[in-house]
Every structure is written in structure tokens, then in C-alpha cells.
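Chemist: To start, I am sharing the structure in question, which I have written as C-alpha cells.
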Amino acid sequence: MAREHHLELNPSKTLFYRTVAGLLRFLSGLLFRPRVSGAEFIPDEGPIIIAPTHRSNLDFAFSLFLSRRKIFFMAKQSLFDVPILGRVLVALGAFPVTRGAADRDAMKAAERVLHEGHALLMFPEGTRSEGSEILPLHDGAMFVAARTRARVVPVGIAGSEVALAPGAKMVRPHRVDIVIGSPIEPPTGEGRPTRAQITEKTAELQERLHTAFRDARERNDAQ
């Protein structure tokens, strides 16, 4: 069965979506008291790639605080095989990706999200990282941006690595700070953008992401 049947490109917020998202927002607000700066940089309509730092498995939940829009995102394939969790993920706008491989189905789904004018969350670091530095990013976000003409918004998330550290089984109440940077224009050129142009834009995203993450960490340290 084609995995793309998991992808429901319905930007409207169904009752089930509102129930699940409302519960997540309530619990996240209670435990992590997220503070968001720069929300005006995420437009209310049109294709946009939201590119956050990734230090915790909690990070996807904070997308609910970034915009009033429904934000679509990738989740690892195995999660969709868990009956209740799979349904929840689909309701929230998730679609499956196979990690550690060039997943063409997931990339096609990502492009479809943007071609239809929706918001897409992609972690440009690829997987969870540690520390205060932004290591060289994967080209995936800018590759998709080049193919869909979507702008890319860098987002720094600080404090989530304390709230749920790698390997931890229980969350720890801790404030989370989120700093949203200004959008980056997609790679452009005569005809299809070259690999060099995509790489150059990825380097710009890395620099902007580092700035947003540094600002978020400074706010979080000040508490």
C-alpha cells in the first residue's frame, strides 16, 4: 500500500485535530511555558518551510505555538504502525519518512504540501543534535524550497533539551523559548537552481539558524 495515503492535505482544523492539538497545547503550556518571539515572520497563507533546531523529541509539539495555521510535518515510519498514535499523527498533519535513506515518497509528499500552499516543518539538522553549535545542515530543506519556490523560516528552540533530554523517559517541567527569524528566499537561477546555489542557501540557513538558536538560548538562560 502506498504510504502517501497517510497524507491528508486538509488545512482546516477538524474537531479531532482541535481536540488533540488543544490537549497538547494545554500540557505544553503547563509544563514548558513556551515563549515565542518573531511569530510575525510566519505568514498566514502561502507555502512556507519552517526549519527549527532539533534538540529534543518534544520539538515537533512546539509547532502548535508558532502559527494559527495547521503545520504539516514528517514523522518516522514506525510511529504510524502504532494504532492510536498513528491516527493522532495523521490528524496533526504528519506523514511518514524512512530515516537513513533517500526517501522519495516523503520528499514528494513534502513538495505536495508546499505546492498546495501549506506550511511544512522540516528539521534541517536531519536528526536530534546536542550542544550550542549548529553543525553543517542537510540540503533537504533548501532542495525542497528550490523545487517549490517556498521561503524558509529559521526557528531556534531552547530549553526543550532540558525538558526531555536524549535518552530520558520522563519529561521535566522547564521553560522553553522559541525565536523565529526572518524568512530566507528560496534558491533561484536561470532554469533549475544548481547544487552550488542550493548549498549556498543552506549555508545562509545555517547562519540564520545559529543566530535564532543563540537568541533563544540567551532568553532561556535569563528565564
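The values are calculated or read from the model by the stated rules, or taken from the named source; none is laboratory data. Keep in mind that this is a model prediction, so the values were computed, not measured. Every residue, glycine among them, receives a Cβ derived from its backbone with ideal geometry; neighbour counts consider all protein chains shown.
Chemist: Within the set of pairs 6 or more residues apart or between chains, which connect a residue that is within 14 Å of VAL144 (Cβ to Cβ) inside the stretch 182-194 to a residue that is assigned to a loop (DSSP other than H, G, I, E, B) and β-branched (Val, Ile, Thr) with Cβ atoms less than 9 Å apart?
Modeler: Every condition considered, the pairs that remain are PRO187/THR194.
Chemist: While we're looking at this one, here's another question. Can you name every residue in the stretch 54-78 that is part of a helix (DSSP H, G or I) and in contact with a Phe, Trp or Tyr (Cβ under 7 Å, 6 or more places away or on another chain)? Quick ask: steps written out before the conclusion?
Modeler: Our first condition is that a residue be part of a helix (DSSP H, G or I); within the stretch 54-78, this holds for 59-65, 77-78.
Answer for the stretch 54-78, where residues must be part of a helix (DSSP H, G or I) and in contact with a Phe, Trp or Tyr (Cβ under 7 Å, 6 or more places away or on another chain): PHE60, SER63.
Chemist: Only one of ILE134, ILE84 is buried (at least 20 other Cβ atoms within 10 Å of the Cβ), more than 15 Å from the chain's Cα centre (by Cα) and either over 12 Å from ILE50 (Cβ atoms) or free of Cβ contacts under 8 Å to residues at least 24 places away in the same chain (or both). Can you tell me which?
Modeler: Going through ILE134, ILE84 in turn, the sole match is ILE134.
Chemist: Looking only at residues that are assigned to a helix (DSSP H, G or I) and surrounded by fewer than 12 Cβ atoms within 10 Å (Cβ to Cβ) in the stretch 20-51, which one is nearest to the chain's Cα centre (by Cα)?
Modeler: Of everything passing the filter in the stretch 20-51, GLU40 is nearest to the chain's Cα centre (by Cα).
Chemist: Let me ask another. I'd like the full set of residues that are at pLDDT below 85, among the polar types (S, T, N, Q) and out of contact with any Asp or Glu (no Cβ under 9 Å at 6 or more places or on another chain), limited to the stretch 80-131.
Modeler: Across the stretch 80-131, the qualifying residue is only THR127.
Chemist: Scan the stretch 30-55 and report the pairs whose first residue is farther than 24 Å from GLN206 by Cβ and modelled with pLDDT under 95 and whose second residue is hydroxyl-bearing (Ser, Thr, Tyr) and not in a strand (DSSP E or B), with Cβ atoms within less than 8 Å and a gap of 6+ or a chain change.
Modeler: Short answer, once both residue conditions are applied: ASP44/SER67.
Chemist: Separate question: Which one of these does VAL162 not meet: (1) touching a residue at least 60 places away in the same chain (Cβ under 8 Å); (2) surrounded by fewer than 22 Cβ atoms within 10 Å (Cβ to Cβ); (3) among the aliphatic types (A, V, I, L, M); (4) within 20 Å of ARG214 (Cβ to Cβ)?
Modeler: Status for VAL162: all satisfied but (1).
Chemist: Ok, one more. Say we look at the stretch 171-197 and pick out the residues that are outside any loop (DSSP other than H, G, I, E, B) and modelled with pLDDT of 95 or more; which of these is surrounded by the most Cβ atoms within 10 Å (Cβ to Cβ)?
Modeler: That would be ILE178.
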